[in-house]
Amino acid sequence: MNSITLKSHAKINIGLQVLGEREDGYHDIHTVFQELEFHDTVHISKIEHGCTLSSNDENFPLNKTNTCHKAFDVLKDGGIEIDGISAHVEKSIPQGAGLGGGSSNGAAFLKGINTLYDCGLSDPEMEIMAQKIGADVPFFIIGGIQLGEGIGENLTTIDHHDHYTFLLVIPSVSISTSWAYTTLKNHLEDRVEKANFADLFRRETIPFELFKNDFERIVIPAHPEIGEIKDSLLKNGARYASLSGSGSTVFGMFDEDTTAKAAESKISSDYRTILTSPTQR
């Protein structure tokens with residue numbers, strides 16, 4: 001096998017607590033990651049040496065700062081026997097939208113190289129390597145729906161079979177993750193009681209009113225349109241609506257496709273909208 005094509009899925013956060021700053025400068029979090037069918041497409045091929053990247057997105061970095069290039073470097077630095085890799089990433093997931101596109105690309109690249117070069121790495125081994133690429137990258141190794149703790153690298157699969165249709169609403173504003181964490185730090189309480197999102201999600205009827213995203217308290221005042229989008233989703237039948245990650249995407253969870261499509265028709269044409277569903281793992 002000389003080439004492989006992989007889907008690189010988006011994610012949302014159903015509930016997101018920021019528990020406090022760590023000594024390493026990161027923040028501990030408590031969240032439910034949900035992988036979605038909405039995806040980028042990553043085409044990977046063997047070459048003699050090095051790592052070359054291309055994309056349909058002019059804002060996609062092509063240097064060593066890219067998560068795909070970081071994945072290549074992590075494998076080489078880990079002593080894995082590989083030659084070179086060329087990759088073209090067809091981007092659909094916008095950057096700075098809280099959907100994990102960059103993290104997902106890095107994980108897809110890691111998995112693709114593992115397959116192409118028959119490296120024999122297990123999922124747990126790839127999750128450990130993924131921690132060196134970025135905080136959300138380990139989640140995308142197996143995806144699905146998982147509880148994320150630590151900086152997102154401590155993962156527990158959640159057994160949940162309810163099916164929802166997700167409506168993503170993406171405003172034009174891009175929100176810097178570093179700005180969001182720095183600003184939120186000034187609003188964190190000294191002692192935060194951790195919600196048990198995993199247990200809440202396993203209930204027969206999920207109490208969505210108990211799920212909160214801490215970033216909303218600073219993002220919505222800075223960008224009121226995000227609050228208006230959330231309100232519109234709830235008024236038009238969403239079981240739950242929230243910011244994903246630090247934004248700027250707002251998502252609604254709907255019981256029926258028809259209700260989600262009706263809600264989509266009420267959203268301003270100024271915003272990009274995407275109807276999608278959970279991945280089936």
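Only loop residues by DSSP count here, and only those with at most 11 other Cβ atoms within 10 Å; note down the trypsin sites (Lys or Arg not before Pro) in segment 100-206 that meet that.
Answer by residue number: Arg191, Lys194, Arg203.
Atom-type composition of the exposed protein surface of the chain places 45 percent of the accessible area on carbon and sulfur (1.4 angstrom probe). Summary value for segment 131-213: 21 percent relative contact order, contacts being C-alpha pairs under 8 angstrom separated by 6+ residues.
Using a 1.4 angstrom probe, figure out how much accessible area the chain has per residue, in square angstrom, rounded to the nearest whole. Per-residue value: 46 Å². Where in segment 1-84 are there GluC sites (Glu not before Pro) that are in a DSSP coil and have at most 16 other Cβ atoms within 10 angstrom of their Cβ? In loop regions of segment 1-84 (DSSP not H, G, I, E or B), the sparsely surrounded GluC sites (Glu not before Pro) are Glu23, Glu48, Glu58, Glu81. Separation of segment 211-281 and segment 32-88, taken as the distance between their Cα centroids, equals 30 angstrom.
Is segment 150-280 rounded, prolate or oblate when judged by the Cα gyration tensor, a ≥ b ≥ c being the square roots of its eigenvalues, rounded requiring a/c under 1.5 and prolate requiring a/b larger than b/c?
Values: a/c = 1.87, a/b = 1.10, b/c = 1.71.
In terms of gyration-tensor shape, oblate.
Counting other C-beta atoms within 10 Å, and keeping those with at most 15, which DSSP coil GluC sites (Glu not before Pro) do you find in segment 156-237? Before the final figure, lay out each step's value.
Numbers: sites: Glu189, Glu193, Glu204, Glu209, Glu216, Glu225, Glu228; in loops: Glu189, Glu193, Glu204.
Here the sparse-neighbourhood loop sites are Glu189, Glu193, Glu204.
I need the shape label for the chain. Rule: rounded when a/c is under 1.5, else prolate if a/b > b/c, else oblate, with a, b, c from the alpha carbon gyration tensor. Provide the component values of the computation, followed by the final result.
Details: a/c = 1.70, a/b = 1.49, b/c = 1.14.
Prolate.
Which residues does the label zone of Glu48 cover in segment 73-108, counting backbone N under 12 Å from a point 7 Å along Cα→Cβ? Counting backbone N atoms under 12 Å from the label point, the list is 84. The slack between Ser172 and Glu23, meaning 0.36 nm per residue of separation minus the straight C-alpha distance, is 50.2 nm. Ordering Thr31, Ile229, Thr115 by the projection of their Cα atoms onto the charge dipole of the chain, which places +1 on the Cβ of Lys and Arg and -1 on the Cβ of Asp and Glu, puts Ile229 at the extreme positive end. Here the label points at Asn186 and Gln280, each 7 Å from Cα along the C-beta direction, are separated by 4.9 nm in the simple model. With R₀ fixed at 25 Å, the C-beta to C-beta distance from Lys76 to Glu125 puts the FRET efficiency at about 0.95.
Please list Tyr117, Tyr26, Tyr240 in order of solvent-accessible area, largest first, computed with a 1.4 Å probe with all protein chains present.
Values: Tyr117 35, Tyr26 125, Tyr240 15 Å².
Result of the area sort, largest leading: Tyr26, Tyr117, Tyr240.
Label-to-label distance for Lys64 and Asp118 is 3.2 nm, based on points extended 7 Å past Cα in the beta-carbon direction. May I ask you to derive the relative contact order of the chain, considering only C-alpha pairs under 8 Å and at least 6 residues apart, and to give it as an integer percent? Dividing the mean separation by the residue count of the chain yields 23 percent. Our helix-only sum for the chain, with -39,500 (n - 2.57) per DSSP H run of n ≥ 4 divided by its residues, gives a mean residue ellipticity at 222 nm of -8500 deg cm²/dmol.
Placing His160, His43 in order of accessible area, with the largest value first and a 1.4 Å probe, yields His43, His160.
The values are calculated or read from the model by the stated rules, or taken from the named source; none is laboratory data. What you see is a predicted model, and the numbers here were worked out from it, not measured in a lab. Don't worry about glycine lacking a Cβ; one is built from the backbone with ideal geometry, like all the others, and counts go over all protein chains shown. The protein model used for the area step is the full one, side chains on, heavy atoms only, and it has no ligands, DNA or RNA in it. Shrake-Rupley method; radii C 1.70, N 1.55, O 1.52, S 1.80 Å.
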